[in-house]
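Written below as structure tokens is the structure these notes are about.
Values in this text are rule-based calculations from the coordinates and carry no lab data. Treat the numbers as computed from the prediction; the structure is a model and nothing was measured. Cβ placement follows ideal geometry from the backbone for every residue including glycine, while neighbour counts extend to all protein chains displayed.
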Amino acid sequence: MKIIGALGKSSSISNFSFNLVKSENWTNINITNQDASLKIYYETASPTLVINNTTKMSLCNDKLYALENKIPQKLTADKAADMLGGEGILFIKKIISDFNLFLYDKINGSIYLASNRATAGRMFYVFWKNTVLFSNDFILLLNARPLNINTCALYAYTKHGAIPEDITLDTDIKSVPVGHFATIERGSEQVKYTPFYKFNYDNNPDSSKAPEELLSCVERELKANAKALSDRQIHMLISGGIDSSLFAAYLKEYTSDIIGHFCRFGSEDPEQQYAEQLAKKLNIPLKIHVLDDKNIIQEIENTALNTSYPHGDYSNVSVNFLLRKIREEFGSGQLVIDCNGGDDGFGYGALTKIAAWEKFYKIPAIGLLGKLATIGDSWMYDSNATKFLFYPYRAKEKNIYISHLIFSSSEKVFKNGSQYNKDIEKLFTEFLDSSNESISPSSYSKMSVAQFYHINSRLWTAKGYGPAKNMNMSLVFPFTWKNILDEQCKLPLDVKVHNGIVKWPLKKLLEKYMPKDYIYRGKSGFAPPLYRWLKIDANYDYFYKTINNGILIKNLDADKIDKIFKLIKTNKNVSRYAMNLIWSLLFFEVWLVKHRLAK
């Protein structure tokens, strides 16, 4: 559900033309207290909301709730933290995968805005005309006045695939960091952030236990989540990968009302046979939805229109495509399960490079060596030399736990890239450090927190969360529920990456259900064939014209962008860093047009 509100002096609110929402589906709540006025608009097609204007209201798990009377009238920051992170409150009855929250302290006039715990979904706010506007939908805040692009945020978006909090694509709008809540006092533009969830990685795990002994707790918690979701029909995105395979097996123990969905790119997909093998083994009906290369432009535009906040993961097109197919056949309001987050918690590839990166960081001249990767235009080519040079290139960032977050080589095409790098690193450090509870955290724990809060929250889960909300669907990510986040913190690095096998805990548990040649095979991943799409003339022209005629090109070295396109046109092997850059620019431009933020 979308919500937008304004808090300020009574006179400023009454004189403020609140034309941010225009639909018969919007309901308005007005609260006036002393010299303050609060207006809240929420969009819903359901009459089941619980509202109590005499106490405090919250937005949690897509419903507005009144807090129980036993909650003290004076809501301190500490009490708010307990409420947001604790399990004793009635309106958080069970663990949920996504949650953004609005609290209003009527007595003191303070508001509390919380973003989700390690998954997609943000609360945004902006101070404007002596009023604080807030919403869980970025687009709604732009109805107040035109978008003023934050070029530092745009740089972060192209380099890292997403934007670190608390900056946004607009120079004035702020985003409450993941796993934090913001406290805004009445009549003040001072904002305080407080983490309500922290990762507590065990730097001294019990080495007396064999790796297999540590898996029983993981299995128990994953099954608990499967059971919690088994009380209604489930649509599950099945890729043939480990995460969705294991969770599907657990779901099957509690319900047979499961429908699987697989996205095939073009006439064939190497992963389809594995999705079909799993579905047959578990007796789950599997629907194959074909995304034709020639229809990709329409799907890109559909995805941009359904996305409230852009990010650089181009597999968002396939997820949006599947969600749309599910809605067309089964109607809105469906429950869809996406298993992103499994490798983030149980062994992603970058963890295998920690030792190498730690050595690189000790080399005094590593910054100079890293610059070799970007001399000339070598970073554009997909070659072994480029891949080798990107180790020191990442290490020159001087911060090991954000080294693996580099998405593209934006600094080679962006003006003022060196200054933006410093600003972005400061933001990463500030909010990722505050989310790590470990004492003297190791590189493993720092990188893992960054993986969840940046790669998972701002990319993997974001690609489906926004479109699902805009299609009136419920998309949940059971691998990011609190019990799983807590459990994965207990596993040492040599269990998550065991004998060189990434995601070992999940693969080992899956052996109960699937053969080893299914589990330990190489996997191409759930990634659309972007390079292949661009080999079609109509698609190539669409990408080229959209980027070169857009509003972002003025911030870039247009000749280098043009060179990447020429390499594609002449069938050269182009690096993923260059392809990611092209995609992120394309999607942002389409997003601007579809939301009428640019011509």
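Below, the figures for the structure above:
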| quantity | calculated |
| --- | --- |
| Exposure proxy ranking, count of Cβ atoms within 10 Å, fewest first, for 460, 504, 26 | 26, 504, 460 |
| Distance cut-off 21 Å, percentage of C-alpha pairs in the range 350-460 lying past it | 39 |
| Amide H contacts under 5 Å for residue 438, placed H, 5+ residues apart | 201 |
| Viscosity 0.890 mPa s, 25 °C: Kirkwood-radius Stokes-Einstein D of the range 215-356 over Cα pairs, µm²/s | 149 |
| Ranked 196, 543, 388, criterion: other C-beta atoms within 10 Å, fewest first | 388, 196, 543 |
| Over 29 Å (Cα to Cα) - which of 129/554; 362/560; 412/545 fall in this group | 129/554; 362/560 |
| Residue order, fewest to most beta carbons within 10 Å, for 411, 43 | 43, 411 |
| Cross-link table 159/387; 387/572; 2/463; 2/426; 223/252; 294/569, entries beyond 20 Å C-alpha to C-alpha | 2/426 |
| Stokes-Einstein D in µm²/s, Kirkwood radius over Cα pairs - the range 435-535 at 10 °C with 1.306 mPa s viscosity | 96 |
| J(HN,Hα) series, the range 424-430, from Karplus relation 6.51 cos²θ - 1.76 cosθ + 1.60, nearest Hz, glycine and proline x | 5, 4, 4, 5, 4, 4, 4 |
